[in-house]
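To start, the structure under review is shown below, and the notes come after it.
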Amino acid sequence: MAKMEHFEIPVDDIARAQAFYRSVLGYEWEPWGDEMGLLRQPDGEGVNGDLHMRGPTPHPTVVFTVDKIEDAVALAVSHGGEQLGEIEPMGETARYVYLKDSEGNIIGLYDEISAA
């Protein structure tokens, strides 16, 4: 079963966007270098997300945690979706991939794997 992992918001100015989400929605900011960072719920409830410099996916994206990316991609394709790019590593124990759903929306999938 999948769960919503986080959201991703592409931006043109990290400092400006971070200030916006802090001031308007109360998100705390944890920088991850100059071009990315975490928007964290101040009360620990709800979903955290990230801000990152605008790239190939120019709009906000929802990312879901799945048990195994390959299985979820296969199901998505069999139900009218499309895999976008390759499954990418995220550190040594996680991976992600983007896909288009049956309606053309881009979503992300994330899973965790053993370091073996």
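Under the combined filter of DSSP loop state and at most 15 neighbouring Cβ atoms within 10 Å, the stretch 45-105 retains these GluC sites (Glu not before Pro): 45, 92, 103. The loop-placed trypsin sites (Lys or Arg not before Pro) in the stretch 26-116, going by DSSP, that have at most 15 neighbouring Cβ atoms within 10 Å of their Cβ come out as 54, 68.
Summarising the label geometry, the points placed 7 Å from Cα in the beta-carbon direction at residue 67 and residue 93 lie 2.0 nm from one another.
The alpha carbons of the stretch 5-116 occupy a box of 43, 35, 26 Å along the principal axes, longest dimension given first. A simple spin-label model places pseudo-atoms 7 Å from Cα toward Cβ; at residue 100 and residue 82 they are separated by 0.2 nm.
Read-outs throughout are calculated quantities, based only on the coordinates presented, and are distinct from any laboratory measurement. As the structure is a computational prediction, the values presented were derived from the model and not from experiment. Neighbour counts run over all protein chains shown; Cβ positions are idealised from the backbone, glycine included.
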